[in-house]
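K.L.:
Here you go, one structure.
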Amino acid sequence: MINKWINDYKKTPAFTAMTTTIIFGLIVHLFVLTNSIHNYDDIAVQPAGVGTSLPSGRWFLYILKRIGDDTTGNFNLPWVNGLVFLLLISLTVAFLVSAFGIKNKLFASIIGAGLVSFPSITVVLFFKYTAPHYGLAILLGVIAVWVTDRWRYGFSISTVLIALTLGIYQAYFPWVVSIYLILLIKKAVEKETKAKNIIKKGFVYLGTMCVGLIEYFVVLKVMLKNTNTTLLDYQGISNMGKLPLSELPTLVFKAVKEFVLLPVKDYCSLATSPILRLSYLTLALISLTMIIILLKKNKKKPLDIIITITLCVLLPLAINLIVLMGAAQVYTLMVLPFSLLLFVPIVLWDVPQKEKAFGKGTKVFSAISIGILAVIIFFNSYFANINYSSMYFTNRQVENTMNSIITQIHMADGYTTDKRWAFVGTTDSTYFNQRPWGEKHLYGGQTDVATMLNQYSKIYWVYHYLGHRPIKIDGEELNLVGQLPEVVQMPVWPNNGSVKVIDEYVVIKLGE
């Protein structure tokens with residue numbers, strides 16, 4: 001019986017999508033899987049760790065960390081973590097294809113290739129120490145939608161899955177909301193679906209998400225209390241769910257504006273190329289045209305049309321909901337829901353009785369959509385490797401710069417190994433060959449040489465690549481050292497005299 005189920009499943013579009021995702025994902029991301037490259041956080045999480053968990057509100061990540069500490073060790077392994085991440089994304093695509101009811105295997109494959117090459121997926125691998133956990137969060141979000149839609153009382157399970165998703169990374173909540181909304185839009189334009197059923201489904205979805213949010217906050221509060229932990233004031237984490245009503249109109253306008261202007265102006269490095277912006281615009285026009293045709297051909301009643309228009313108006317807000325969640329900074333990692341825009345024409349194309357609705361236009365819509373999606377997938381894959389290559393060379397520059405600084409430290413008069421290191425000021429970027437691979441197509445989550453040297457994690461390059469374990473001072477002590485008259489008079493690095501032993505410190509003056 002199990003063998004029969006496996007054989008039958010291999011014939012489904014979901015399995016095709018899953019297979020495509022794995023193969024294409026390995027091709028696109030092979031460089032980062034087989035090289036040890038780091039961004040500003042990844043270098044600090046060596047050889048193991050998952051980053052900040054409970055203090056950032058990520059209580060399920062904290063639980064997974066505790067489990068990992070006792071089993072796998074949570075090691076930061078490029079190949080293993082990357083492969084596990086791709087496997088989880090392939091399962092995500094399988095559930096996504098099933099949830100949207102995609103029956104065309106070619107379109108199912110395109111969804112797999114489109115998602116696994118999307119910039120927000122690429123950026124997860126910049127933080128490869130937590131890539132498996134983020135992959136799990138993305139998967140749980142899709143399963144939550146699938147269970148709600150497929151099982152009669154699935155919402156009771158989905159609320160827990162949504163809470164777990166948020167417990168790994170809160171920025172994936174808009175991912176769940178957007179999938180629910182696109183699913184409703186598809187149902188709204190189908191011939192046999194009645195308005196009352198859409199309204200009923202909508203309230204079920206809304207209730208599921210609200211209860212999932214409540215469960216997340218309840219568990220968070222309990223765990224913070226039991227572990228005597230305080231939320232960090234980072235990226236607006238401590239203010240999540242506390243949005244003042246007076247700010248709501250401004251944030252709603254901002255979220256919608258960034259969405260609408262995507263075909264004209266890049267947003268979070270999703271459309272850095274004019275070709276990508278034009279492709280997004282064309283896909284949007286195709287999607288709107290298909291919705292209008294479906295409403296007309298299926299002879300939808302006024303209430304059905306109003307519901308569909310309302311859902312379409314809400315879609316930009318859902319996809320860019322992260323803006324309303326209180327994040328201090330929105331960057332490429334946090335805008336995964338935008339990937340769903342690629343699949344709207346596919347979802348609409350696969351509605352029942354599509355041939356009657358689109359007539360001769362069926363092949364036209366599908367051909368244009370496939371062509372545009374192929375262009376987007378190609379450029380996203382290409383830009384992913386530009387980013388990986390840029391990070392590789394930036395890493396080499398940082399490594400060699402720190403090696404040069406260590407040489408100067410060892411040659412400083414009066415240096416002994418018990419001196420504590422004081423990095424004073426921030427370095428000037430004009431000295432470095434900044435971003436040799438250019439800046440236009442680089443995603444959020446990676447930085448240039450100067451910024452890497454100014455990050456908290458700069459000392460970890462010394463730990464992991466140069467084999468030294470000095471003590472670096474921070475905070476108020478560093479401020480006091482920086483105010484010493486002798487330090488104020490020092491030139492900035494790399495000028496002669498920018499590294500000096502003063503009392504129990506070795507001072508490296510990076511900037512004023």
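K.L.:
Looking at this structure, is ASP70 surrounded by fewer than 17 Cβ atoms within 10 Å (Cβ to Cβ) and on the phi < 0 side of the Ramachandran plot?
P.N.:
So ASP70 passes the test.
K.L.:
Can you go through ILE372, ILE368, ILE376 and tell me which one is under 23 Å from PRO119 (Cα atoms), at pLDDT below 90 and in a helix (DSSP H, G or I)?
P.N.:
Details: ILE372 fails: at pLDDT below 90; ILE376 fails: at pLDDT below 90.
Result: ILE368 is the single residue among ILE372, ILE368, ILE376 that is under 23 Å from PRO119 (Cα atoms), at pLDDT below 90 and in a helix (DSSP H, G or I).
K.L.:
Tell me, please, whether a residue that is modelled with pLDDT of 95 or more, under 23 Å from the mean Cα position of the chain (by Cα) and assigned to a helix (DSSP H, G or I) can be found in segment 148-157. Steps first, answer last, please.
P.N.:
Residues of segment 148-157 modelled with pLDDT of 95 or more: 148, 157.
Filter once more, keeping what is under 23 Å from the mean Cα position of the chain (by Cα): none.
Taking every residue of segment 148-157 in turn, none turns out to be modelled with pLDDT of 95 or more, under 23 Å from the mean Cα position of the chain (by Cα) and assigned to a helix (DSSP H, G or I).
K.L.:
For residues in segment 432-459 being outside any loop (DSSP other than H, G, I, E, B) and either out of contact with any helix residue (DSSP H, G or I) (no Cβ under 8 Å at 6 or more places or on another chain) or small (Gly, Ala, Ser) (or both), which is surrounded by the fewest Cβ atoms within 10 Å (Cβ to Cβ)? Let's see the steps before the verdict.
P.N.:
Within segment 432-459, the first condition is being outside any loop (DSSP other than H, G, I, E, B), and the residues that meet it are 449-454, 458-459.
Right, trim to either out of contact with any helix residue (DSSP H, G or I) (no Cβ under 8 Å at 6 or more places or on another chain) or small (Gly, Ala, Ser) (or both) and you get 450, 454, 459.
Working: ALA450: 21, ASN454: 18, ILE459: 20.
Filtering first and then ranking leaves ASN454.
K.L.:
Considering each of LEU315, LEU294, LEU248 in turn, give the residue that is buried (at least 21 other Cβ atoms within 10 Å of the Cβ), in the same structural domain as LEU184 (by TED's automatic domain parsing), aliphatic (A, V, I, L, M) and at pLDDT below 90.
P.N.:
Working: LEU315 fails: at pLDDT below 90; LEU248 fails: buried (at least 21 other Cβ atoms within 10 Å of the Cβ).
Criteria check complete, one pass: LEU294.
K.L.:
Test ALA144 against the stated conditions and say whether it is over 21 Å from the mean Cα position of the chain (by Cα), at pLDDT 95 or above, at negative phi and of a type outside the set (D, E, K, R). Walk me through it before giving the result.
P.N.:
Working: over 21 Å from the mean Cα position of the chain (by Cα): no; at pLDDT 95 or above: yes; at negative phi: yes; of a type outside the set (D, E, K, R): yes.
Spelling it out, it is not the case that ALA144 is over 21 Å from the mean Cα position of the chain (by Cα), at pLDDT 95 or above, at negative phi and of a type outside the set (D, E, K, R).
K.L.:
Considering only residues of segment 407-429 that are small (Gly, Ala, Ser) and over 10 Å from VAL499 (Cβ atoms), which is surrounded by the fewest Cβ atoms within 10 Å (Cβ to Cβ)?
P.N.:
The first filter runs over segment 407-429 and keeps only residues small (Gly, Ala, Ser), leaving 412, 414, 422, 425, 429.
Next, from what is left, pick out any that are over 10 Å from VAL499 (Cβ atoms): 414, 422, 425, 429.
Numbers: GLY414: 10, ALA422: 22, GLY425: 17, SER429: 15.
Among residues in segment 407-429 that are small (Gly, Ala, Ser) and over 10 Å from VAL499 (Cβ atoms), the one surrounded by the fewest Cβ atoms within 10 Å (Cβ to Cβ) is GLY414.
K.L.:
Considering only segment 251-259, I want to know if a residue exists there that is of a type in the set (Gly, Ala, Ser) and without any contact (Cβ under 8 Å) to a residue 12 or more places away in the chain.
P.N.:
To start, the set of residues in segment 251-259 that are of a type in the set (Gly, Ala, Ser) comprises 255.
The next check asks that each one be without any contact (Cβ under 8 Å) to a residue 12 or more places away in the chain; those that pass are none.
No, every residue in segment 251-259 fails to be of a type in the set (Gly, Ala, Ser) and without any contact (Cβ under 8 Å) to a residue 12 or more places away in the chain.
K.L.:
Just checking, does segment 58-79 include any residue being in a helix (DSSP H, G or I), closer than 21 Å to SER117 by Cβ, of a type in the set (A, V, I, L, M, F, W, C) and not assigned by TED's automatic domain parsing to the domain that holds GLU399? Spell out the reasoning first.
P.N.:
Pass one, segment 58-79, residues in a helix (DSSP H, G or I): 59-70, 78-79.
Still in the running and closer than 21 Å to SER117 by Cβ: 78-79.
Adding the requirement that they be of a type in the set (A, V, I, L, M, F, W, C) leaves 79.
Retained after the next criterion (residues that are not assigned by TED's automatic domain parsing to the domain that holds GLU399): 79.
Taking every residue of segment 58-79 in turn, at least one turns out to be in a helix (DSSP H, G or I), closer than 21 Å to SER117 by Cβ, of a type in the set (A, V, I, L, M, F, W, C) and not assigned by TED's automatic domain parsing to the domain that holds GLU399.
K.L.:
Name the single residue, out of those in segment 460-496 being outside any helix (DSSP H, G or I), of a type in the set (A, V, I, L, M) and in contact with a helix residue (DSSP H, G or I) (Cβ under 8 Å, 6 or more places away or on another chain), that is surrounded by the most Cβ atoms within 10 Å (Cβ to Cβ). Please lay out each step first, then the result.
P.N.:
Applying the first criterion (outside any helix (DSSP H, G or I)) to segment 460-496 yields 466-474, 483-484, 489-496.
Still in the list and also of a type in the set (A, V, I, L, M): 466, 471, 473, 484, 490, 492.
Next, from what is left, pick out any that are in contact with a helix residue (DSSP H, G or I) (Cβ under 8 Å, 6 or more places away or on another chain): 466, 473.
On the way: LEU466: 14, ILE473: 18.
The qualifying residue surrounded by the most Cβ atoms within 10 Å (Cβ to Cβ) is ILE473.
Each row is one residue, and each column tells you yes or no for (1) free of Cβ contacts under 8 Å to residues at least 60 places away in the same chain; (2) in contact with a helix residue (DSSP H, G or I) (Cβ under 8 Å, 6 or more places away or on another chain).
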{"residue": "LYS187", "(1), (2)": "yes, yes"}
{"residue": "LYS196", "(1), (2)": "yes, no"}
{"residue": "MET209", "(1), (2)": "yes, yes"}
{"residue": "GLY212", "(1), (2)": "no, yes"}
{"residue": "VAL218", "(1), (2)": "yes, no"}
{"residue": "MET223", "(1), (2)": "no, yes"}
{"residue": "LEU232", "(1), (2)": "no, yes"}
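K.L.:
Let me ask something else. Is it true that SER158 is surrounded by fewer than 24 Cβ atoms within 10 Å (Cβ to Cβ) and either on the phi > 0 side of the Ramachandran plot or out of contact with any Asp or Glu (no Cβ under 7 Å at 6 or more places or on another chain) (or both)?
P.N.:
Details: surrounded by fewer than 24 Cβ atoms within 10 Å (Cβ to Cβ): no; either on the phi > 0 side of the Ramachandran plot or out of contact with any Asp or Glu (no Cβ under 7 Å at 6 or more places or on another chain) (or both): yes.
No, not satisfied.
The values are calculated or read from the model by the stated rules, or taken from the named source; none is laboratory data. Computed from a predicted structure; not experimentally measured. All Cβ positions, glycine included, derive from the backbone under ideal geometry; neighbour counts span all protein chains shown.
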